[in-house]
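Working notes, beginning with the structure itself.
The values are calculated or read from the model by the stated rules, or taken from the named source; none is laboratory data. This one's a predicted model, so the numbers in the text were calculated from it and none came from an experiment. No Cβ is skipped: glycine too gets one built from the backbone with ideal geometry, and neighbour counts run over all protein chains shown.
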Amino acid sequence: MELFVADIFDYSGERPFIVGVYDTEQKAWDAIEVVINQVLGVNPKTDVGARFHAYATPIQLNGFSPACMEWCYSG
């Protein structure tokens with residue numbers, strides 16, 4: 001099964017953040033749009049193109065889940 005990780009790299013804080021994991025690419029992009037629109041609601045003068053770089057990365061569930069579980073329980 002293919003899933004899509006929606007994430008945004010925020011250049012203003014030099015940090016990436018995951019928006020979520022979705023079952024379609026369109027849902028991933030829609031979620032990214034919601035987050036960016038929330039930022040614009042707070043600060044309408046934000047230069048979205050200069051501040052954010054968004055990704056909708058396809059992943060395979062059978063490879064992603066074990067890696068996530070290992071990461072979660074490795075601490």
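Picking from V21, V5, which residue would you name as being of a type in the set (V, I, T), in contact with a Ser or Thr (Cβ under 7 Å, 6 or more places away or on another chain), surrounded by 11 or more Cβ atoms within 10 Å (Cβ to Cβ) and not in a helix (DSSP H, G or I)? Just one listed residue meets the conditions, V5. Contact map, the range 1-30: first residue at positive phi and touching a residue at least 40 places away in the same chain (Cβ under 8 Å), second residue surrounded by 13 or more Cβ atoms within 10 Å (Cβ to Cβ) and in a loop (DSSP other than H, G, I, E, B), Cβ cut-off under 9 Å, separation 6 or more or different chains; the map is empty.
Within the range 8-18, which residues are within 10 Å of the chain's Cα centre (by Cα), of a type in the set (F, W, Y) and either modelled with pLDDT under 85 or not in a strand (DSSP E or B) (or both)? Can you show your working first?
Of the residues in the range 8-18, the ones within 10 Å of the chain's Cα centre (by Cα) are 8-9, 16-18.
Now restrict to residues that are of a type in the set (F, W, Y): 9, 17.
Of everything in the range 8-18, just one residue is within 10 Å of the chain's Cα centre (by Cα), of a type in the set (F, W, Y) and either modelled with pLDDT under 85 or not in a strand (DSSP E or B) (or both), namely F17.
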